[in-house]
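Below: one structure, written as structure tokens.
The values are calculated or read from the model by the stated rules, or taken from the named source; none is laboratory data. Note that the structure is predicted; figures quoted are calculated from it, not measured. Counting neighbours? That spans all protein chains shown, and the Cβs are built from the backbone with ideal geometry, glycine included. Surface accessibility is based on the protein's heavy atoms, side chains included, excluding ligands, DNA and RNA. Shrake-Rupley method; radii C 1.70, N 1.55, O 1.52, S 1.80 Å.
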Amino acid sequence: MAKISITKIFTFDSAHSLPGHKGKCANLHGHTYRLEVTVSRQNGGLVTGGSSEGMVMDFGDLKSIVNTEIIEQADHKLLNDAYDFRTTSENLASHYYHVLEGKLSPLGVEVCRIRLWESPTSYVEVVQ
């Protein structure tokens with residue numbers, strides 16, 4: 001049986017710096033990040049019964065969780081102040097993966113992929 005997944009896309013604007021970095025990113029600068037969250041049911045199928053029957057999960061529920069757990073924490077923020085780790089795209093994507101994994105797993109949903117675009121031509125991907 002094929003595994004069915006859904007993807008929801010978000011954008012947020014944030015600033016950060018990477019102290020000690022050899023390039024321009026050592027200086028304070030901003031990005032319009034694009035976050036793609038792909039999830040599936042832990043059994044690979046769809047919800048049976050209830051208002052979400054036939055869905056991996058309701059897109060509105062996924063949107064609410066991502067907005068609460070990630071977007072509200074990062075949008076229009078200085079990421080260096082928002083997080084206690086070096087705010088590379090790789091670290092951010094990994095953090096977002098683990099945060100969402102913790103929130104979605106109890107719902108029977110697994111995070112398949114996090115794709116975080118730092119620019120229109122550069123992204124980081126965390127894959128299950």
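Shown for the chain: the carbon plus sulfur share of the solvent-accessible area, taken with all protein chains present and a 1.4 angstrom probe, equals 50%. Computed from Cα positions, the angle between helix 89-104 and the longest principal axis of the chain comes to roughly 30 degrees. Highest GNM mean-square fluctuation among Gly60, Gly108, Gly23, for the chain modelled with Cα contacts below 10 Å: Gly23.
As an exercise, identify the chymotrypsin sites (Phe, Trp or Tyr not before Pro) in the range 55-128 lying in DSSP coil whose Cβ has no more than 13 other Cβ atoms within 10 Å. Those that pass, being in a loop and sparsely packed, are Phe85. Each Lys and Arg contributes +1 and each Asp and Glu -1, all at the Cβ; summed about the Cα centre of the chain, the dipole is approximately 340 debye. Listed by chain and number, the lysines whose alpha-carbon sits under 21 Å from that of Lys8, ignoring those within fewer than 8 places in the same chain, are Lys63, Lys103.
Both radii were evaluated on the Cα set of the range 46-115; the Rg over Rh quotient, with Rh as the Kirkwood radius, amounts to 1.05.
Projecting the Cα positions of Ala74, Pro120, Val47 onto the charge dipole of the chain (unit charges on Cβ atoms of Lys, Arg, Asp and Glu, taken about the Cα centre) puts Pro120 furthest along the positive direction.
Here the average projected area of the convex hull drawn through the C-alpha atoms of the chain stands at 8.4 nm². Could you list log10 I(q)/I(0) for the range 1-70 at q = 0.23 Å⁻¹, which the Debye formula gives when each Cα is one point scatterer? Relative scattering, expressed as log10 I(q)/I(0), comes to -1.00.
Computed over the chain, relative contact order equals 30 percent, with contacts defined as Cα pairs under 8 Å that lie 6+ residues apart.
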